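> Before anything else, here's the structure in question.
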Amino acid sequence: MVKNFGIIGCGMIASFHAKAIREIGGNLVACFDHVPQSSERIAKEYGAKSYIDLNSFLTHPNLEIVTIGTPSGAHCETAVAAAEAGKHVIVEKPLEITLERCDKIIAACDKAGITLSTIFPSRFHDSSRKIKKAIESGRFGKLTIGDAIVKWYRTQEYYDSGAWRGTWELDGGGALMNQAIHSVDLLTWLMGPVVEVNAVTSLLAHERIAVEDTAAAAIRFQSGALGIIEATTAAYPGYLKRIEIHGSTGSAVMEEEDIIKWDFASSIDDDAEIRETMTNRLSTGGGAADPAAIGYHAHARQFRDVLDAIDSGRKPLVDGHEGRKSVEIILAIYAAAEKQAAVTLPLGSDPILHVRTK
């Protein structure tokens, strides 16, 4: 079984990757970061070797799979290098910040014949799986509306803490691309493909950043259902993210990992148990106000799925193409806000955003 991991990019998220690797019985054998202190910190804690040269890292003995947690706009180069070195690749969200760069990663991994996965751990929550199963079994009837609501709070110090934060070049966007993308992915996984968006975005409460801290989008799904995506990092003190799914015969509302509403026209035996067991599951703040206040258990579930996919020869549940979908939706939202007009999907190519060249 494949189990020897390396981590590329040893910032905050690397600790969660390392904990998840340890939980599934993997071995963290190597760490790479251009900043020696960052790589050495993780390596020392987990008994790995620290590297500041990517090529040397990729030739570490028995290295089989790498996780990438660099700034979002720097995923492509490291992912492609890892693929060309024959390593399986797990990329922290977003896969990349443009469709072109997403496609380069996907193509490199396909050419090398290695497994690629994009980290979207919310798909692995028990609550998410319960709602997905109910949709697939038809319990919601005709899906009518699906909403993703992310009203979080980030201080000015958060954006000032890294030169890449709040930039188009490396962050790829603001509240949507960095924070709400998990909910965008989960919404489209549950509701199906998005075919049209209208949107407005704004920078309302932060300084010295080029991207939005507030966004609202009206969306149309391929099924005909409608929806709303709201995202902000300017809602003090920050609230748990919500997913709402409504249909002609059922509704469910998920707040972080809790199912707080589970109502259907026709009941089944499992409903009472779901209402009882799918609440009070949250052990952290969910990242609403503190980006470090998240758990790693869902990362561990996704890592385990990737290992099983490698060993069995199947695709992981969240492969590169799945990871690309939320990036496309968010880019369409940015384009719709910039153009002040509806944008249809699929985009076909990256929208040219005037805001990126301001």
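The values are calculated or read from the model by the stated rules, or taken from the named source; none is laboratory data. From a predicted model like this one, the values you see are computed outputs, not experimental measurements. Glycine also receives a Cβ, built like all others from the backbone with ideal geometry; neighbour counts cover every protein chain displayed.
> Under 6 Å between Cβ atoms, at least 6 apart or on separate chains: pull out the pairs that start in the stretch 49-67 with a residue that is over 23 Å from E96 (Cβ atoms) and end on any residue that is at pLDDT 95 or above and of a type in the set (D, E, K, R).
Listed pairs, sorted by first residue: S50/E40.
> If you don't mind, another one. Of the residues A107, A82, A163, which is part of a loop (DSSP other than H, G, I, E, B) and of a type in the set (A, V, I, L, M, F, W, C)?
Matching residue, one of A107, A82, A163: A163.
> Let me ask something additional. Residues in the stretch 55-72: is at least one in contact with a Leu (Cβ under 8 Å, 6 or more places away or on another chain), more than 21 Å from D311 (Cβ to Cβ) and of a type in the set (A, V, I, L, M)?
Looking through the stretch 55-72, none of the residues is in contact with a Leu (Cβ under 8 Å, 6 or more places away or on another chain), more than 21 Å from D311 (Cβ to Cβ) and of a type in the set (A, V, I, L, M).
> What pairs can you find where one residue is in the stretch 334-358 and acidic (D, E), the other is in a loop (DSSP other than H, G, I, E, B) and at pLDDT 65 or above, and their Cβ atoms are less than 7 Å apart, with a gap of 6+ or different chains?
Matching pairs, first to second residue: D350/T98.
> Pick from A85, A112, A79: which is buried (at least 20 other Cβ atoms within 10 Å of the Cβ), closer than 22 Å to F32 by Cα, without any contact (Cβ under 8 Å) to a residue 60 or more places away in the chain and of a type in the set (G, A, S)?
A79
> Restricting attention to the stretch 119-151, which residues are part of a strand (DSSP E or B) and surrounded by fewer than 19 Cβ atoms within 10 Å (Cβ to Cβ)?
Within the stretch 119-151, T144, I145 meet the criteria.
> Given the residues L170, L186, L116, L143, which is the only one that is under 18 Å from the mean Cα position of the chain (by Cα) and under 30 Å from K261 (Cα atoms)?
Every option except L186 fails the conditions.
> For the stretch 90-104, which residues satisfy the criterion of being touching a Leu at 6+ places or on another chain (Cβ under 9 Å) and either surrounded by fewer than 22 Cβ atoms within 10 Å (Cβ to Cβ) or not in a helix (DSSP H, G or I) (or both)?
I90, V91, L95, I97, T98, L99
> Looking only at the stretch 189-208, count every residue that is crowded, with 20+ Cβ neighbours inside 10 Å and more than 15 Å from V343 (Cβ to Cβ) and tell me the total.
Matching residues across the stretch 189-208 total 4.
> Separate question: Residue by residue through the stretch 11-27, note down the ones that are assigned to a helix (DSSP H, G or I) and either of a type outside the set (V, I, T) or more than 12 Å from I90 (Cβ to Cβ) (or both).
Those that are assigned to a helix (DSSP H, G or I) and either of a type outside the set (V, I, T) or more than 12 Å from I90 (Cβ to Cβ) (or both): M12, A14, S15, F16, H17, A18, K19, A20, R22, E23.
> Now, a different point. Going by the conditions given, is K93 in contact with a strand residue (DSSP E or B) (Cβ under 8 Å, 6 or more places away or on another chain) and of a type in the set (K, R)?
yes
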